[in-house]
Ligand SMILES: NC(=O)c1ccc[n+]([C@@H]2O[C@H](COP(=O)([O-])OP(=O)(O)OC[C@H]3O[C@@H](n4cnc5c(N)ncnc54)[C@H](OP(=O)(O)O)[C@@H]3O)[C@@H](O)[C@H]2O)c1
């Protein structure tokens with residue numbers, strides 16, 4: 001089996017290599033990125049065999065002979081390369097937002113709607129990272145009582161913005177640690193719009209300082225004043241969970257956490273469930289771990305789910321606003337389950 005990773009040098013691409021190694025997927029691997037990375041060497045261990053692979057510059061010919069292409073590039077590049085991938089006869093499992101809402105493209109979280117992957121025409125989309133983590137946390141509840149609506153707030157790690165996002169937080173924290181006399185820990189020069197004098201940071205990942213700050217805008221604003229990231233939670237959850245009438249109101253926030261997204265979720269259910277019934281519904285759900293022990297102060301936290309495939313759910317309580325409401329808190333590593341692991345699981349559906 002021949003597998004290419006498109007965007008192998010990025011946060012998601014590098015994690016895909018790790019997932020293929022960990023899950024012992026026996027394949028011939030090809031690593032593709034931009035011209036900038038061509039020639040770089042990467043050591044891999046595929047099904048027990050150590051190898052050194054060379055990153056190749058992506059061209060339309062890169063996909064000839066491939067069986068699968070795992071996409072880990074921005075949507076604009078997925079759109080550019082998709083025709084060549086499909087023409088080469090490979091299945092394109094894409095992490096970008098390029099094709100997620102296309103009616104001919106299944107949008108798949110294997111634990112929830114793995115069956116949908118069968119109806120592909122050469123492209124299968126991986127959902128948005130916060131949406132995967134949220135839907136993983138709630139799909140077990142939906143099986144017991146249909147979800148009518150969701151109110152959610154996301155706390156999204158900087159690695160959601162790729163390698164550049166992590167570099168930006170690291171650089172800013174390091175700079176502030178060395179310059180503790182800066183008033184209010186504010187590096188004003190990071191805010192390009194202010195045009196202030198001071199140290200220059202090369203981050204294109206965030207419009208504002210992220211160290212010691214929160215940024216309440218991910219993606220761009222849409223006509224209804226929500227952001228593109230916020231609308232993904234509704235649009236994609238409807239498609240993944242086969243709930244066309246699901247209503248979601250969401251606020252997405254970038255937080256200075258390195259890795260693992262967290263989401264505060266309130267569900268309005270068709271049928272009232274007790275906290276115990278919800279816990280029972282979640283106890284046998286694949287890919288989900290219940291972490292909810294008030295006495296011992298155990299609840300999900302992003303540091304605890306970092307570099308793990310499992311989604312943790314806790315703080316489960318009867319909501320005080322909705323008659324049939326349940327509130328909860330969940331955390332999951334969005335580079336793993338929110339992206340790379342989910343894509344490799346989709347590939348495994350074909351093995
Ligand atoms: N990060 C997350 O948590 C996450 C979660 C879910 C989905 N996603 C999605 O996954 C995709 C990748 O995100 P990321 O966070 O991994 O980004 P990233 O760290 O910035 O990596 C981007 C990758 O794209 C490659 N690339 C750039 N221009 C290219 C070109 N012209 N041809 C081929 N490859 C090119 C880069 O290669 P060079 O190193 O050579 O520039 C790099 O390997 C995005 O669509 C993102 O929305 C990300």
Candidate set from region 14-32 (those that are crowded, with 19+ Cβ neighbours inside 10 Å and more than 12 Å from the ligand (Cβ to nearest atom)); member that is farthest from residue 66 (Cα to Cα): 19
Options 38, 90, 11, 72: the member that is more than 24 Å from residue 309 (Cα to Cα) and crowded, with 19+ Cβ neighbours inside 10 Å: 90
Per-region count, region 136-164, residues within 16 Å of the ligand (Cβ to nearest atom), surrounded by fewer than 23 Cβ atoms within 10 Å (Cβ to Cβ) and not in a strand (DSSP E or B): 4
Number of the condition not met by residue 103 [criteria: (1) over 24 Å from residue 286 (Cα atoms); (2) part of a helix (DSSP H, G or I)]: (2)
Search result, residues across region 60-69 that are in contact with a strand residue (DSSP E or B) (Cβ under 8 Å, 6 or more places away or on another chain) and either in a helix (DSSP H, G or I) or buried (at least 16 other Cβ atoms within 10 Å of the Cβ) (or both): 62, 63, 66, 67, 68, 69
Helices (runs of 4 or more DSSP H) (entirely within region 275-351) containing at least 1 residues that are touching a residue at least 40 places away in the same chain (Cβ under 8 Å), within 16 Å of the ligand (Cβ to nearest atom) and within 22 Å of residue 236 (Cβ to Cβ): 302-305, 341-349
Counted residues, region 41-59 - those being surrounded by 11 or more Cβ atoms within 10 Å (Cβ to Cβ) and either part of a strand (DSSP E or B) or modelled with pLDDT under 95 (or both): 10
Region 56-68 residues that are over 10 Å from residue 86 (Cα atoms) and not assigned by TED's automatic domain parsing to the domain that holds residue 40, paired with ones that are at pLDDT 95 or above and outside any helix (DSSP H, G or I) (beta carbon under 9 Å, 6 or more apart): none
Selection within region 262-319 - at positive phi and exposed (fewer than 14 other Cβ atoms within 10 Å of the Cβ): 297, 307
Answer residue from region 106-135, given it is within 15 Å of residue 239 (Cα to Cα) and assigned to a strand (DSSP E or B) and is nearest to the ligand (Cβ to nearest atom) among those: 125
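The values are calculated or read from the model by the stated rules, or taken from the named source; none is laboratory data. Keep in mind the model is a prediction, meaning the values are calculated, not measured. Glycine gets a Cβ as well: all are built from the backbone with ideal geometry, and neighbour counts include every protein chain shown.
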